[in-house]
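The values are calculated or read from the model by the stated rules, or taken from the named source; none is laboratory data. None of these values were measured; they are calculated from a predicted model. Protein only, heavy atoms only, side chains kept; ligands, DNA and RNA dropped before computing areas. Shrake-Rupley method; radii C 1.70, N 1.55, O 1.52, S 1.80 Å.
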Amino acid sequence: MEDSQPATQQPVGAAAVQSENSLIKDLLIPISIVLAGIAIGVGLYFSGGPAQPQAVNPSGAPAAAQADNTGLVNEVTDQDNVKGNLNGDIKIVEFSDFDCVFCARFHDTMNEIVAENTDVAWAYRHFPIEQLHPQATAVAVASECVAKIGGNDAFWIFADGYFAAKSAGAQVALDVLVPELVAAAGVESGAFASCFENGETLAQVQEDVDNATATGGRGTPWSILIGPSGKTYPINGALPKQAVEQLIELARQEA
Amino acid sequence: MIFEVLSKVFRQLRYSLIAVLIAFFTLSTAILQPNIGLLGAVFTSGEISWVSKYNFLIALYGSLATNFSVVSAVSTVLIAVLLGMNIALLVYYIRRRQIGGNNKAGNTASIAGIVAGTFGVGCAACGTVILSTMFAVFGGGGLLLLLPLHGAEFGVLGVILLSFSIYQLGKRINDPLVCAA
């Protein structure tokens, strides 16, 4: 009996091994595909975030591991480009990129939000992503020149006009569109040219970029809602209007 | 052939359910992940009613329309559906082969299949998924500017890869069960 036992077990064991090898062979292509996915996933995890301006997130820490730093957002003051009620209980600070299509969508949403909510202040700050939008920083600098010369209302004429034109498919930025908007905002072209060419507002734009990344911004639009209690809520991307309205209502509840 | 296999597998409630649940989970992850911090801030609050929290969560699903380009939204939905089908077919195939759920190859394929969903799923608005990966891996800030869809191509690639994977699995499932030679 004992002598015959190995002889009967051998084929069973071999068949099992062959069966498993066959299974692995059969799954080779699906596994290859998903392994490629793993490589991307690992790269993603260690990339530390997004397409963002250089020198942002100098720690290089994975985005997922970053703490909530939205409390570091610079205070909203009358020096900001603000639409709505500056003294309202709810403040939404948006870090935006003039050439980002999602920022254009969110711009429309925010225009509706401030029009329908008298206790909301919308502060527009800059977060141009040059890797994706090479002209975005220049447009941001131009918009701040308009604000510096023409004031808050002039800034919003420029910003609303720029986003409206981009949404309509305008491809020209600096050459034609900006001078048109500068004129529409009532800003004298000579003063604008001097401000723009001397880069007088570049530091302002850079300060916004630095604050955006310090608060955890990893792309645009990046916004922070500040509730009546001072509690901050991070908003990543272009939220639908209904979600923004509900978030405002939730912030009111936490007052 | 492949449609017969799909019909045979997904007529069974168990596999349809697996596919639907995984597709829903994948889609939810893609839509909600960019605002996971916001969800955390809302859902950990003791002063907000659960009804309000639930309504906010539902409203956030609208991000698919506002936070994604048309190409990335379509590819994200397709990838979620295909990933669900892929894993359901894998489970069917492995069970039919009577290999236990602890089989190493099967487990690897299932887990990796989920990760494969990241291959193109993402919110282009935030620039958080594939874009950053490519920047990190290749260090080419201008690389994506060379692509006509600025990275959404990877979503299309993900759809193609998962479709191919399903096709291959369908072929295997359709093969007659025979003893290994």
*Kindly sort A:Met110, B:Met1 by accessible area of their heavy atoms, largest first, with the probe set to 1.4 Å.*
B:Met1, A:Met110
*Long-range amide H contacts for A:Phe95: which residues qualify at under 5 Å (H placed 1.01 Å from N, peptide plane, sequence gap of 5 or more or a different chain)?*
A:Arg125, A:Trp222, A:Ser223, A:Ile224
*Expressed as a rounded percentage, what relative contact order does the stretch A:140-247 have, with Cα pairs under 8 Å and six or more residues apart?*
24 percent
*asked:* Please list, in order along the stretch B:79-87, the HN-Hα scalar couplings obtained from phi with the Karplus expression 6.51 cos²θ - 1.76 cosθ + 1.60 (θ = phi - 60°), rounded to whole Hz, x for Gly and Pro.
replied: 5, 4, 5, 5, 5, x, 5, 4, 6
*Buried accessible area for the B:A pair, summed, 1.4 Å probe, in Å² rounded to 100?*
4600 Å²
_Please list 3J(HN,Hα) in residue order for the stretch A:209-223, calculated via the Karplus relation 6.51 cos²θ - 1.76 cosθ + 1.60 where θ = phi - 60°; whole Hz, with x for glycine and proline._
4, 4, 5, 4, 6, 5, 8, x, x, 10, x, 10, x, 10, 10
*Roughly how many Å² of A:Asp208 are accessible to a 1.4 Å probe, to the nearest 10?*
10 Å²
*Can you spot the aspartates and glutamates whose alpha carbon is less than 18 Å from B:Lys8's alpha carbon? Ignore those fewer than 8 places along the same chain.*
B:Asp175
*Percent relative contact order of the stretch A:83-208, based on C-alpha pairs within less than 8 angstrom and at least six residues apart?*
28 percent
